Amino acid sequence: MAYCGLDCEKCEARIATVNNDNELRKKVAAEWTELNQVEITPEMINCSGCRVDGVKTTFCDSLCQIRQCGLSKKFETCGSCGELMTCGKVKMIIGNNKEALENLKSI
């Protein structure tokens with residue numbers, strides 16, 4: 001599970017990495033390029049998961065404010081933070097994804 005409560009095991013970038021699936025990398029790169037309005041190449045789609053050692057996408061590694069906050073506070077996930085329900089960083093994830101919120105509350 002990621003700091004934000006999303007399930008990394010369901011992430012297509014992680015699945016493509018674990019299975020060395022270049023076709024899935026191409027699919028994810030195209031989807032993320034359109035979604036984010038920035039060019040993302042299949043070579044950029046490599047990630048072992050948010051909280052585990054190993055390769056990360058550029059976003060997950062250094063641009064994700066949620067992950068950076070969790071790392072700096074040495075939390076296992078945002079579920080360990082007393083500001084979970086008022087945090088502006090994780091709000092978009094947990095406000096739009098009930099499963100992520102439930103994952104965080106169950107820890």
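Here, each number is a calculation from the coordinates, and none is a lab measurement. Here the structure is a predicted model, which means the values were calculated and not measured. Backbone-built Cβ (ideal geometry, glycine too); neighbour counts: all protein chains shown.
Residue check: is G5 outside any helix (DSSP H, G or I), on the phi > 0 side of the Ramachandran plot, in contact with a Ser or Thr (Cβ under 8 Å, 6 or more places away or on another chain) and surrounded by 14 or more Cβ atoms within 10 Å (Cβ to Cβ)? Taking the combined requirement at face value, the residue satisfies it. Please go through the stretch 71-90 and pick out each residue that is charged (D, E, K, R) and either within 21 Å of D61 (Cβ to Cβ) or within 14 Å of the chain's Cα centre (by Cα) (or both). Hits for the stretch 71-90 are K73, K74, E76, K89. Among the residues of the stretch 48-67, is there at least one that is more than 19 Å from K105 (Cβ to Cβ) and among the aromatic types (F, W, Y)? Yes, some residue in the stretch 48-67 is more than 19 Å from K105 (Cβ to Cβ) and among the aromatic types (F, W, Y). The number of residues in the stretch 32-58 that are surrounded by fewer than 13 Cβ atoms within 10 Å (Cβ to Cβ) and either touching a Pro at 6+ places or on another chain (Cβ under 7 Å) or not aliphatic (A, V, I, L, M) (or both) comes to 9. The requirement of being closer than 14 Å to A2 by Cβ, out of contact with any strand residue (DSSP E or B) (no Cβ under 9 Å at 6 or more places or on another chain), exposed (fewer than 15 other Cβ atoms within 10 Å of the Cβ) and among the hydroxyl-bearing types (S, T, Y) is satisfied by S80.
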